[in-house]
Amino acid sequence: MDETVTPEATTRTRRTDTSPRPGVDIGLDAASFAQLTGDIVASVSRVIDGKPDAVRSALIALLAEGHLLIEDVPGVGKTMLARALAATVDADVRRIQFTPDLLPGDITGVSVFNPVQRQFEFTPGAVFANIVIADEINRSSPKTQSSLLEAMEERQVTVDGRTHVLPSPFLVVATQNPLEMEGTYALPEAQRDRFLLRISMGYPDAAAEALMLRQRDSVNPLDGLTPVVTARQVTAMIAWARGVHVAPALEEYVVALAQATRSHPDIRLGASPRATLQLVRAAKVRAALDGRAYVIPDDITALLSPVFAHRLIANRSAAGGRAGAAVVADALERIATSVRVPLAPRP
């Protein structure tokens, strides 16, 4: 029988216990939520110039209790975005450079024999942190990648039959280069399905790139970032966003979108029930970021591609020489226009 061990008993590097405590109220409301999220976005934007959508997506992943996959070419700021988000939260942060020789125990931890106590003691791995940056995740073997599956879904790891609970909040921000395939291992479907969002940074515009040249010639912008929220505040913000209202008609709309991906002739693997659930969670956070306590259809359609696209697999017969990602993007666009959008009842 598995034994559950709390983070306090297993983690050597935790500062304090930042998990939510029953009965503790930090006085969070819509105004304070908007102020805190605004401070986070402003802080990260000092480092990531001209990418407000990417910054908001990272914040949505954090507050929706999901995980973020940043996929783009080298040098566009993938790791910088992850590190900037981590710097805004006063919590434990670990960065893991994924390489072919990285072992699962390096991530989850291992049991080490203590000759004095004459017993095995668990030594926590790098995953025991509030924010884990998995840099170039596709450069490690599938065996190592799979060590994150339990952590990302259940917020725990099991080593030698003992279950160790991870700290809260918990976010994995992974990066990968989609172009350089030599020496890499494609993420399996089960791994991709555990990421709430997949985004691309894209190249900066001319003005942002020129500003970067002036500001970063001799100074690292990350050095000037200081935490603007605590892990406890983030936990309270997560709980507040959960309470955002979703009308039953919008829930049916999300289900209809997911079912449309499963029956689309160009899609071989449709959206999973986990994808349906995570789309609703992300839509709640997006609504809260806009100062609303209720979800509207625009919240769902705006997040449809970032939440669904990386989970879908195109039919080879439908590709016709095109990349699978292009087939999936076209299919999602057609689905978004064909599924009826619920309308608010007249007063």
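If we scan segment 109-121, do we find a residue that is out of contact with any Lys or Arg (no Cβ under 6 Å at 6 or more places or on another chain), among the hydrophobic types (A, V, I, L, M, F, W, C), closer than 25 Å to Ile238 by Cβ and not in a loop (DSSP other than H, G, I, E, B)? Scanning segment 109-121 turns up no residue that is out of contact with any Lys or Arg (no Cβ under 6 Å at 6 or more places or on another chain), among the hydrophobic types (A, V, I, L, M, F, W, C), closer than 25 Å to Ile238 by Cβ and not in a loop (DSSP other than H, G, I, E, B).
Looking at segment 127-144, can you tell me whether even one residue there is among the basic types (Lys, Arg) and closer than 27 Å to Met80 by Cβ? So far as segment 127-144 goes, yes, one or more of its residues are among the basic types (Lys, Arg) and closer than 27 Å to Met80 by Cβ. From the list Pro248, Pro227, Pro265, the one residue that fits, being within 22 Å of Ala309 (Cβ to Cβ) and surrounded by fewer than 19 Cβ atoms within 10 Å (Cβ to Cβ), is Pro265. Against the conditions (1) open to solvent by less than 40 Å² (accessible area, probe 1.4 Å); (2) over 14 Å from Ser200 (Cβ atoms), where does Pro52 fall short? Just the number, please. The number of the failed condition is (1).
Each row is one residue, and each column tells you yes or no for (1) over 16 Å from the mean Cα position of the chain (by Cα); (2) open to solvent by less than 30 Å² (accessible area, probe 1.4 Å); (3) modelled with pLDDT of 90 or more.
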residue	(1), (2), (3)
Asp39	yes, no, yes
Leu59	no, yes, yes
Gly66	no, yes, yes
Gly75	yes, no, no
Lys78	no, yes, no
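Can you confirm whether segment 277-299 contains a residue that is over 23 Å from the mean Cα position of the chain (by Cα) and loosely packed, with under 15 Cβ neighbours inside 10 Å? Within segment 277-299, none of the residues are over 23 Å from the mean Cα position of the chain (by Cα) and loosely packed, with under 15 Cβ neighbours inside 10 Å. Among all residues of segment 93-112, there is at least one that is in contact (Cβ under 8 Å) with a residue 60 or more places away in the chain and open to solvent by 40 Å² or more (accessible area, probe 1.4 Å).
On the given criteria, is Asp223 charged (D, E, K, R) and outside any helix (DSSP H, G or I)? Explain how you work it out, then say what you get.
On the way: charged (D, E, K, R): yes; outside any helix (DSSP H, G or I): no.
Spelling it out, it is not the case that Asp223 is charged (D, E, K, R) and outside any helix (DSSP H, G or I).
Can you list the strands (runs of 3 or more DSSP E) found entirely within segment 126-201 that contain at least 1 residues being among the small types (Gly, Ala, Ser)? Explain how you work it out, then say what you get.
Details: elements: 131-135, 156-159, 162-165, 171-176, 197-199.
Output list reads 131-135, 171-176.
Just to be sure before I move on: is Tyr203 in contact with a Lys or Arg (Cβ under 9 Å, 6 or more places away or on another chain), under 24 Å from Ala134 (Cβ atoms) and open to solvent by 40 Å² or more (accessible area, probe 1.4 Å) in the structure I sent? For Tyr203, the condition - in contact with a Lys or Arg (Cβ under 9 Å, 6 or more places away or on another chain), under 24 Å from Ala134 (Cβ atoms) and open to solvent by 40 Å² or more (accessible area, probe 1.4 Å) - is not met. I'm trying to understand the selection: among the residues of segment 113-126, which are of a type in the set (A, V, I, L, M) and exposed (fewer than 10 other Cβ atoms within 10 Å of the Cβ)? Scanning segment 113-126 gives a single hit, Val116.
The values are calculated or read from the model by the stated rules, or taken from the named source; none is laboratory data. Predicted model, so just to flag it, every value in this text is computed and none were measured. All Cβ positions, even for glycine, are placed from backbone atoms using ideal geometry, and neighbour counts span all protein chains on display. Please note that ligands, DNA and RNA were not included when accessible areas were found on the heavy atoms of the full protein model with its side chains. Shrake-Rupley method; radii C 1.70, N 1.55, O 1.52, S 1.80 Å.
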